[in-house]
């Protein structure tokens with residue numbers, strides 16, 4: 001098997017701001033695993049919050065090139081178990097490798113990835129479209145520019161309620177809000193009452209990731225469901241989220257790929273937690289991997305490629321929130 005690494009700097013349509021950062025470009029690393037003329041693709045992006053850069057991704061993967069390239073006819077689960085001990089400090093790199101291997105494995109079997117798992121895709125959830133923090137005027141303009149059935153609104157400012165109130169005047173779509181750890185317990189409980197009346201479906205990660213006591217109070221008293229994000233990184237976190245959140249937003253780059261992501265979804269379901277998979281700002285390579293998990297999810301946030309000025313690949317397409325799969329095997333990705 002041959003390992004190929006390609007780095008890109010993905011340009012966004014608009015400046016994207018959340019409570020802790022603002023970006024116009026998103027650095028990304030594409031992993032290609034090639035065998036007998038068949039290629040599988042995975043993606044990892046840089047992320048300062050988790051101390052991940054493209055150089056770190058490349059260096060960490062290159063250290064184990066021989067281990068990766070000598071994999072032979074292993075299942076994705078066995079491949080993940082083989083390489084994961086070497087990427088304990090870099091789940092983003094592990095994700096790119098795992099997703100690429102799952103893609104390659106399915107293509108070698110002549111099946112789409114969801115077919116390999118025997119998933120039925122006729123009742124997939126719709127994806128939201130994210131509106132980053134901006135002036136209210138610009139947030140309204142972005143919604144009008146991109147009509148969509150579900151919006152995720154990034155919050156974490158002194159004007160959060162005013163923002164959602166104004167946006168509601170311009171749309172009847174479902175709203176979800178994501179505070180990215182910016183609120184207190186009191187703010188969350190107070191905001192939830194107002195946001196519920198404004199047609200908000202749920203609140204994502206209102207408190208700091210390690211504030212479990214505060215989150216327990218929010219869980220017991222909030223009038224809106226609360227979804228974990230920064231508090232749900234790895235497999236062990238699913239059990240921690242039980243009785244602290246109503247659901248979990250699993251990020252493949254944070255947990256180490258599709259393989260552990262599927263285990264996390266299964267565990268969340270056992271505990272009665274709502275299941276969601278979210279994306280980073282990433283290309284169609286990463287988004288297409290997420291798309292094959294849709295039948296197992298209650299909600300999905302896979303709009304990353306829709307935020308780009310230019311994509312680097314074709315794969316799944318999304319129209320008005322609905323996902324369409326290409327007539328290709330694996331994840332269906334082709335690099336431009």
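For the stretch 117-130, the count of residues that are surrounded by fewer than 20 Cβ atoms within 10 Å (Cβ to Cβ) and at pLDDT below 95 is zero. Of the candidates 29, 57, the single residue that is part of a strand (DSSP E or B), in contact with a helix residue (DSSP H, G or I) (Cβ under 9 Å, 6 or more places away or on another chain) and in contact (Cβ under 8 Å) with a residue 24 or more places away in the chain is 29. For the stretch 26-52, filtered to residues that are within 16 Å of residue 72 (Cα to Cα) and surrounded by fewer than 24 Cβ atoms within 10 Å (Cβ to Cβ), the residue that is nearest to the chain's Cα centre (by Cα) is 32.
Please find, among 254, 270, the residue that is at negative phi and either buried (at least 16 other Cβ atoms within 10 Å of the Cβ) or assigned by TED's automatic domain parsing to the domain that holds residue 15 (or both).
Numbers: 270 fails: either buried (at least 16 other Cβ atoms within 10 Å of the Cβ) or assigned by TED's automatic domain parsing to the domain that holds residue 15 (or both).
Within the list 254, 270, the selection yields 254.
Just checking, how many residues over the stretch 88-137 are under 30 Å from residue 164 (Cα atoms) and in contact with a strand residue (DSSP E or B) (Cβ under 9 Å, 6 or more places away or on another chain)? Counting residues in the stretch 88-137 that are under 30 Å from residue 164 (Cα atoms) and in contact with a strand residue (DSSP E or B) (Cβ under 9 Å, 6 or more places away or on another chain) gives 11. Among the residues of the stretch 69-81, is there at least one that is outside the structural domain of residue 252 (by TED's automatic domain parsing), at pLDDT 95 or above, touching a strand residue (DSSP E or B) at 6+ places or on another chain (Cβ under 7 Å) and in a helix (DSSP H, G or I)? Yes, that holds for at least one residue. Among the residues of the stretch 286-300, none qualifies, meaning not one is over 12 Å from the mean Cα position of the chain (by Cα), part of a loop (DSSP other than H, G, I, E, B) and on the phi > 0 side of the Ramachandran plot. Inclusion of residue 240 among residues that are more than 14 Å from residue 204 (Cβ to Cβ), in the same structural domain as residue 180 (by TED's automatic domain parsing) and without any contact (Cβ under 8 Å) to a residue 12 or more places away in the chain is not warranted.
If you go through the stretch 307-327 and pick out every residue that is farther than 20 Å from residue 12 by Cβ and either at pLDDT below 95 or exposed (fewer than 15 other Cβ atoms within 10 Å of the Cβ) (or both), you end up with 5.
The single condition from (1) within 16 Å of the chain's Cα centre (by Cα); (2) buried (at least 19 other Cβ atoms within 10 Å of the Cβ); (3) more than 27 Å from residue 216 (Cβ to Cβ) that residue 231 fails is (3).
The values are calculated or read from the model by the stated rules, or taken from the named source; none is laboratory data. Keep in mind that this is a model prediction, so the values were computed, not measured. All Cβ positions, glycine included, derive from the backbone under ideal geometry; neighbour counts span all protein chains shown.
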